[in-house]
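These notes concern the structure reproduced below.
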Amino acid sequence: LRLGDLLYKARDYEEAIANERKAILYKGKTPETLSDSLEDYWKMNAWNTLGLAYKRLGMYDSAFAALNTALNLANQKVHNTFWQGLIQGNRGDVFFLQGQYDSAEVLLRIDYERSLDFELANASLSLARLAQIANNKGEQTKALAMMREAKALTEKAPVDYFRAEIYAGLAAIYKNLGNADSAYHYMQQFIEVHDRVEQLAERNKAEIVSLLMAN
């Protein structure tokens with residue numbers, strides 16, 4: 001499971017999928033470990049990561065299937081409010097990528113509202129997605145207010161990947177508003193943070209090598 005998560009963060013999505021599936025299906029080879037399988041919480045986590053990896057590969061039907069399984073576990077066995085919202089938000093992100101904005105908005109709003117009490121960084125990303133939808137609909141004033149709120153949230157709980165998304169979103173909004181200076185400023189901010197994200201991906205690859213050598 002740990003290897004699958006690292007492979008996802010290192011952007012090796014096909015290998016991440018293969019390892020997450022192995023983790024879900026794994027059974028011990030001796031009588032003592034025959035029932036050695038993931039607990040429901042970690043199964044939910046694994047199915048969620050599978051959905052994210054499929055999403056990155058553009059395999060949206062597979063992404064929905066994996067995320068639906070994760071959501072069923074969150075609802076029926078894990079009963080975790082935060083994860084219920086998070087997985088709904090990930091489903092909303094798939095709708096967003098397909099241009100189905102009405103369906104995406106409903107699910108991303110659920111994720112945003114529930115994440116405010118548990119995970120501000122995740123709330124910032126869902127709100128940024130909602131702002132992108134507003135921008136794509138030509139509602140730049142609304143989009144800018146939402147993206148500024150997302151930026152404020154990520155400053156309280158900084159995650160570079162999310163910050164990169166927000167800076168890119170702000171650049172796009174200001175471009176549509178005809179404000180070239182602000183668009184340029186946030187594009188430069190995006191490039192700076194994006195470079196750090198790339199460096200993190202490389203460190204994850206190095207950790208994968210260490211993990212494989214240790215096992």
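Some notes on this structure:
- 222 nm mean residue ellipticity, helices alone, for the chain (DSSP H n ≥ 4; -39,500 (n - 2.57); rounded to 500): -26500 deg cm²/dmol
- Of the accessible area of region 48-89, computed with a 1.4 Å probe over protein heavy atoms only, carbon and sulfur atoms account for 44 percent.
- Helix 60-73 vs. the chain, principal-axis angle (Cα, 0 to 90°, nearest 10): 70 degrees
- Å² per residue, accessible surface of the chain at 1.4 Å: 53 Å²
- GNM flexibility winner over the chain from GLU15, GLU39, GLU139 (Cα, springs under 10 Å): GLU39
- Compared with the dominant principal axis of the Cα atoms in the chain, helix 120-136 is inclined by about 50°.
- As a length-normalised measure over Cα pairs under 8 Å and 6 or more apart, the relative contact order of the chain settles at 14 percent.
- Between 0 and 90 degrees, the angle of helix 140-156 with respect to the longest Cα principal axis of the chain falls at about 50 degrees.
- Choice from LEU67, LEU25, LEU127 with maximal GNM fluctuation in the chain (Cα, 10 Å cutoff): LEU25
- For the chain, a Gaussian network of Cα nodes joined below 10 Å ranks TYR60, TYR184, TYR167 by mean-square fluctuation, and the top entry is TYR184.
- Taking the three principal axes of the alpha carbon atoms in the chain, the coordinate ranges are 67, 37, 30 Å, sorted in descending order.
- Computed accessible area, HIS79, all protein chains, 1.4 angstrom probe, square angstrom: 120 Å²
The values are calculated or read from the model by the stated rules, or taken from the named source; none is laboratory data. Treat the numbers as computed from the prediction; the structure is a model and nothing was measured. These accessible areas exclude ligands, DNA and RNA; they are computed on the full protein's heavy atoms, side chains included. Shrake-Rupley method; radii C 1.70, N 1.55, O 1.52, S 1.80 Å.
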